[in-house]
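The values are calculated or read from the model by the stated rules, or taken from the named source; none is laboratory data. On a predicted model such as this, the values are computed, not experimentally measured, just so you know. Cβ coordinates were reconstructed from backbone atoms using ideal geometry, including for glycine residues, and neighbour counts include every protein chain displayed.
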Amino acid sequence: MNDALFNETRKKIEDKINEILDKEILKYQDNEFLKNSLEELKRLSQGGKRVRGFLIKLGQLLFGKDDDFYIDIAAAIEIFQTAILIHDDIIDEADKRRGMETINAKYSGHIGISKAICIGDLGFFISYRIINNSSISNDLKDEIIRVYSKTLYNTVNGEIIDVELPFKSVEYHKKMDEKIIYDIYVNKTAWYTIIGPILIGAASAGANYDDKQKLIEVGTNLGIAFQIKDDLLGLYSNSNEMGKTLNDIKEGKQTIIYKYAIDHATDNDLKTIKKYYGNPNVTEEESNIIANLFDRLGARKIAEELAEKYTINGINKIKKMDVKNKELFIKFADYLLKRQK
């Protein structure tokens, strides 16, 4: 990946996020409730990787446009990212996000959950207002809002499945088609992380219908690879920053790794999986038992192969397109596969 371009883009996006939220905070100096909520939104907006914002920039570059149009829109997307993570933290009962205390943990109890819901909602509406107030043509604005709305709709559809599926039994999971897991990967991850942002950037540069359809195929493959890699890091990362192993196992997260493992497990293996996977009281030692079991059953290896396959599929599709700056996009796709956090 072009680190200089990524870091420059990230800095511009973060400066814009801070500028927007600081203006909002300033409006409500005399209202402690709104001021505090906006300050919390700003606090949790810090430290993101800005993958989605950067992909808007890459979407531009693929079609030969290179200006600062993307900054406001990227800031809107990233503020929404923070907002939906605030809601995710309620669902996951998470204490930490980006190394910081979550709102639901900081305020605890009913007030913590209530504040988190409200602040997440606030982030959603701010993101839409940024797009509506941007100084772009009405036609482009309409297209961006259509893409953005479809992205959010698909994301929530994926989240609904992701929330409910862990409560089904292991027997149900064994019988179900793995397509249901890919439905989560495509809706919740591919559209939200890759497809939506790159389509917004491409639209700003005047990409035609056929090229945008091809980008959906590219983004679908890379989004699936991104999520499988995320699942692998959640189980096997040595990074203290990841900190997801216990959460993924406590929640009984439905992944291709888990699906392959239960489909190839012995009766004794299944007893172990039932005992620990999805157990909210699982310990670190017990989570390692699950991670090692999935490795022994070949699930880790299969997932690594799938992540590589979908990445290569996405790269090959972009190579066949008549676009500019392919090498930047290909390096970014490779980074998503090889990242360690």
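What do you reckon, is Ile302 among the β-branched types (Val, Ile, Thr), under 23 Å from the mean Cα position of the chain (by Cα) and surrounded by 17 or more Cβ atoms within 10 Å (Cβ to Cβ)?
For Ile302, the condition - among the β-branched types (Val, Ile, Thr), under 23 Å from the mean Cα position of the chain (by Cα) and surrounded by 17 or more Cβ atoms within 10 Å (Cβ to Cβ) - is met.
Using beta carbons and a limit of 7 Å, which pairs, at least six apart or on different chains, have the first residue in the stretch 296-308 and under 9 Å from Leu232 (Cα atoms) and the second one aromatic (Phe, Trp, Tyr) and at pLDDT 95 or above?
That search, which allows pairs on different chains as well, returns Arg300/Phe294.
Return a yes/no flag: does the stretch 320-328 have any residue that is assigned to a helix (DSSP H, G or I), closer than 27 Å to Val163 by Cβ and not hydrophobic (A, V, I, L, M, F, W, C).
no
Take the residues in the stretch 84-95 that are over 12 Å from the mean Cα position of the chain (by Cα) and assigned to a helix (DSSP H, G or I), then tell me which one is nearest to Arg50 (Cα to Cα).
Once the filter is applied, the top-ranked residue is Ile86.
If you take the residues of the stretch 276-314 that are touching a Leu at 6+ places or on another chain (Cβ under 7 Å), farther than 17 Å from Asp263 by Cα and hydrophobic (A, V, I, L, M, F, W, C), which of them is modelled with the highest pLDDT?
Ala307
List the number of the failed condition for Thr311; all other conditions in (1) under 29 Å from His264 (Cβ atoms); (2) loosely packed, with under 15 Cβ neighbours inside 10 Å hold.
(2)
Hey, among Asp89, Asp72, Asp67, which residue is modelled with pLDDT under 95, of a type in the set (Asp, Glu) and touching a Lys or Arg at 6+ places or on another chain (Cβ under 6 Å)?
Asp89
Criterion first (of a type in the set (A, V, I, L, M, F, W, C) and under 25 Å from Leu199 (Cα atoms)) does Phe167 satisfy it?
For Phe167, the condition - of a type in the set (A, V, I, L, M, F, W, C) and under 25 Å from Leu199 (Cα atoms) - is not met.
Are any of the residues in the stretch 133-156 within 21 Å of the chain's Cα centre (by Cα), under 22 Å from Ala307 (Cβ atoms) and either of a type in the set (A, V, I, L, M, F, W, C) or in a helix (DSSP H, G or I) (or both)?
Yes, the stretch 133-156 contains a residue that is within 21 Å of the chain's Cα centre (by Cα), under 22 Å from Ala307 (Cβ atoms) and either of a type in the set (A, V, I, L, M, F, W, C) or in a helix (DSSP H, G or I) (or both).
With (1) within 18 Å of the chain's Cα centre (by Cα); (2) within 25 Å of Arg339 (Cα to Cα); (3) surrounded by 20 or more Cβ atoms within 10 Å (Cβ to Cβ) as the list, and Gly99 as the residue in question, which single condition is left unmet?
For Gly99, the failing item is (3).
Looking at Gln254, Gln340, which one is modelled with pLDDT under 95, polar (S, T, N, Q), surrounded by fewer than 16 Cβ atoms within 10 Å (Cβ to Cβ) and under 30 Å from Leu215 (Cβ atoms)?
Within the list Gln254, Gln340, the selection yields Gln340.
Can you tell which of Ala105, Ala94 is in contact with a Ser or Thr (Cβ under 7 Å, 6 or more places away or on another chain), over 22 Å from Lys141 (Cβ atoms) and surrounded by fewer than 20 Cβ atoms within 10 Å (Cβ to Cβ)?
Ala94
Would you confirm, using the coordinates I've provided, whether Asp211 is among the acidic types (Asp, Glu) and in contact (Cβ under 8 Å) with a residue 12 or more places away in the chain?
So Asp211 fits the description; yes.
Does the stretch 24-32 contain at least one residue that is under 20 Å from Ser134 (Cα atoms) and touching a residue at least 60 places away in the same chain (Cβ under 8 Å)?
Yes, the stretch 24-32 contains a residue that is under 20 Å from Ser134 (Cα atoms) and touching a residue at least 60 places away in the same chain (Cβ under 8 Å).
In the stretch 43-80, which residues are surrounded by fewer than 22 Cβ atoms within 10 Å (Cβ to Cβ) and under 13 Å from the mean Cα position of the chain (by Cα)?
Listed by number, the residues that qualify are Gly48, Lys49, Val51.
Could you check how many residues of the stretch 37-78 are acidic (Asp, Glu), free of Cβ contacts under 8 Å to residues at least 40 places away in the same chain and outside any loop (DSSP other than H, G, I, E, B)?
1
Among the residues of the stretch 110-125, is any free of Cβ contacts under 8 Å to residues at least 12 places away in the same chain, closer than 18 Å to Leu34 by Cβ, surrounded by fewer than 16 Cβ atoms within 10 Å (Cβ to Cβ) and within 22 Å of the chain's Cα centre (by Cα)?
Among the residues of the stretch 110-125, at least one is free of Cβ contacts under 8 Å to residues at least 12 places away in the same chain, closer than 18 Å to Leu34 by Cβ, surrounded by fewer than 16 Cβ atoms within 10 Å (Cβ to Cβ) and within 22 Å of the chain's Cα centre (by Cα), which makes the answer yes.
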